[in-house]
Amino acid sequence: MMTPTEFPPLFAPVSQAGPGLPASTAGAQARRAQLNREAVLSATPVRLLTMLYDRLMLDLDRTEAAQVSENWPLASENLLHAQAIVDELTTSLNVTAWDGADGLLAVYTYVSNALIGANIHRDVTRTRESIVLLEPLRQTWHEAAAALPAPQTAPSGEGYRGVA
């Protein structure tokens, strides 16, 4: 599994500006990147999963809009980022943990191939199909995460329940 610093950026927008950014824009991007790192480092594994799905769907929505407007460089950039997220979801899936894991792996494999085809053939239909397949999964993971009990916090410096 990737380390938190290797995850695809979750909150940073896909780059649209080039070198020579005004200092205020560059500073805002640096702050956004720092917030992204902090969010990933402090997130629970369940929260990381939902964050990845949220960003994946954002990338695919942006891809579809870029494909419709025939902005192929932006569509490709978003598709590549989406592929990186699907790759992370695939490699972090423990297929021995539960019975449905093989089916989920098959969905990830299918979507990965569809995204490659969408990029190569500039095919908005494959992008749309991926969105249709993944959106229910995103919603299900969010529902499952919400059903879990709140994570227990680590004992404070005073010891467990304030007893040193």
Only one of (1) closer than 19 Å to Thr63 by Cβ; (2) hydrophobic (A, V, I, L, M, F, W, C); (3) open to solvent by 70 Å² or more (accessible area, probe 1.4 Å) does not apply to Leu148, and that is (1)
Qualifying residue in region 97-104 (condition: within 22 Å of Pro45 (Cα to Cα), touching a helix residue (DSSP H, G or I) at 6+ places or on another chain (Cβ under 9 Å) and outside any loop (DSSP other than H, G, I, E, B)) | yes
Identify all residues within region 133-148 that are among the acidic types (Asp, Glu) and farther than 10 Å from Asp54 by Cα; write none if there are none.
-> Glu143
Return yes or no: is Arg62 in contact with an Asp or Glu (Cβ under 7 Å, 6 or more places away or on another chain) and farther than 18 Å from His142 by Cβ?
-> no
Residue in region 16-41 that is nearest to the chain's Cα centre (by Cα), counting only those that are surrounded by 10 or more Cβ atoms within 10 Å (Cβ to Cβ) and modelled with pLDDT under 70 | Ala17
Here the residues within region 49-77 that are under 11 Å from the mean Cα position of the chain (by Cα) and open to solvent by less than 20 Å² (accessible area, probe 1.4 Å) are Thr50, Met51, Leu52, Tyr53, Arg55, Leu56, Met57, Asp59, Leu60
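The values are calculated or read from the model by the stated rules, or taken from the named source; none is laboratory data. Since the structure is predicted, the reported quantities are computational estimates derived from the model, not experimental observations. Cβ: placed from backbone, ideal geometry, glycine included. Neighbour counts: every protein chain shown. To get the accessible areas, we keep the full protein, side chains included, count just its heavy atoms, and leave off ligands, DNA and RNA. Shrake-Rupley method; radii C 1.70, N 1.55, O 1.52, S 1.80 Å.
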